[in-house]
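Just below is one structure, and these are the notes that go with it.
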Amino acid sequence: MNKKICIIIPIYNEVNNIVVMLSAIKIVMQPLPYDYNIIFVDDGSSDDSLLFLKKIAAENKLLNYISFSKNFGHQNALKAGLDLSDADAVISMDGDMQHPPSLLPQLIALWETGNDVVYTIRKKEKEMPFIKRTTSNLFYNILNKLSSIEIENGTADFRLLDRKVVNVIREIKEYDLFWRGMVKWLGFKQTSIEYVPAERANGVSKYNFKKMMELALKGITSFSTKPLTIAIYLGFASAFISLAYIPYALLSILYGHPVSGWASVIVTIAFFGGIQLIILGIIGMYLGKLFMQSKQRPHYIINETNIK
């Protein structure tokens, strides 16, 4: 019996890319000696993605779909696909053709050599906008310095996971999911390959600057308490600066020099007030994560699926 490969593709308003993805994957996978199926996870799309998927699935037994009751986010969509897969290996990739299907045989070949995780790293492109390239570098540099894991710059959610890794992932109950960090944290035997992202087939990217910042904060706070430690150091530093101002005030009075007026006081209050707000914000983020975790809400709610 052939081994089975499951390809998970989260989509959000990607109706025009579905057929393109299916055709590209079929061309690559059909010659290989593996059984395979494709799971499209519709993350609450507002276009006709679900209707189109249902129509194609009625004619193609290799196609499965999962439809959420609303938009739960890309990371949760990946978890849904992993939870409902039954293959020997699972490959996750984006639905816009920027993760090249032509790499699928290479991922599978590296898995067959004994690797439990085969992940991909996006090569740096000269054509990439300066701001995007800079923010991407900043994201990984800050994440690696503040967290307990090391993630290579350009690591993508285009990866292959062995069945035993998927079984462990299914048991994870963590509320804020950040798969790039989680997969690295799991361990197992891992290897990577580089890829050059292809042009987006249709539509526009759904990851704007705000979502990238949210992902960065999620990654940092999920794998490190260093921001809390930094907050403590900031508190000590501000307290020391405040104490250092006392001798200055006393010496000014002793030698008959007037103490600086309201301008310096306002600046000082604003400075230390800002530090206090930063520290409270850091603490609030961690408390918020605990609060949401304590609710034990599901990562996603499935509205429709053809997976039995």
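The values are calculated or read from the model by the stated rules, or taken from the named source; none is laboratory data. Model, not experiment: these values are computed from the prediction. Positions of Cβ are backbone-derived with ideal geometry, glycine not excepted, and every protein chain shown enters the neighbour counts.
Tabulated values for the structure
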quantity	calculated
Residue in the range 19-38 that is within 20 Å of residue 102 (Cβ to Cβ), of a type outside the set (Ser, Thr, Tyr) and in contact with a Gly (Cβ under 7 Å, 6 or more places away or on another chain) present	yes
Selected residue (only one of 21, 29, 97 is assigned by TED's automatic domain parsing to the domain that holds residue 161, crowded, with 23+ Cβ neighbours inside 10 Å and within 21 Å of residue 196 (Cα to Cα))	21
Selection within the range 150-178 - part of a helix (DSSP H, G or I) and touching a strand residue (DSSP E or B) at 6+ places or on another chain (Cβ under 8 Å)	163, 165, 166, 169
Qualifying residue in the range 43-51 (condition: surrounded by fewer than 19 Cβ atoms within 10 Å (Cβ to Cβ) and in a helix (DSSP H, G or I))	yes
Subset of the range 60-72 [farther than 23 Å from residue 23 by Cβ and either of a type in the set (Lys, Arg) or free of Cβ contacts under 8 Å to residues at least 60 places away in the same chain (or both)]	70, 71
Subset of the range 21-46 (residues that are over 17 Å from residue 72 (Cα atoms), among the small types (Gly, Ala, Ser) and free of Cβ contacts under 8 Å to residues at least 40 places away in the same chain)	23
Subset of the range 9-42 [within 23 Å of residue 106 (Cα to Cα), in a loop (DSSP other than H, G, I, E, B) and among the polar types (S, T, N, Q)]	30
Options 109, 58, 89: the member that is at pLDDT 90 or above, out of contact with any helix residue (DSSP H, G or I) (no Cβ under 6 Å at 6 or more places or on another chain) and either farther than 22 Å from residue 170 by Cβ or in the same structural domain as residue 154 (by TED's automatic domain parsing) (or both)	109
Filtered residues of the range 69-123 (kept if in a strand (DSSP E or B) and under 19 Å from the mean Cα position of the chain (by Cα))	90, 91, 92, 117, 118, 119, 120, 121, 122
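Yes/no per residue for (1) at pLDDT below 70; (2) farther than 16 Å from residue 85 by Cα:
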position: 119; (1), (2): no, yes
position: 124; (1), (2): yes, yes
position: 135; (1), (2): yes, yes
position: 154; (1), (2): no, yes
position: 158; (1), (2): no, yes
position: 161; (1), (2): no, no
position: 169; (1), (2): no, no
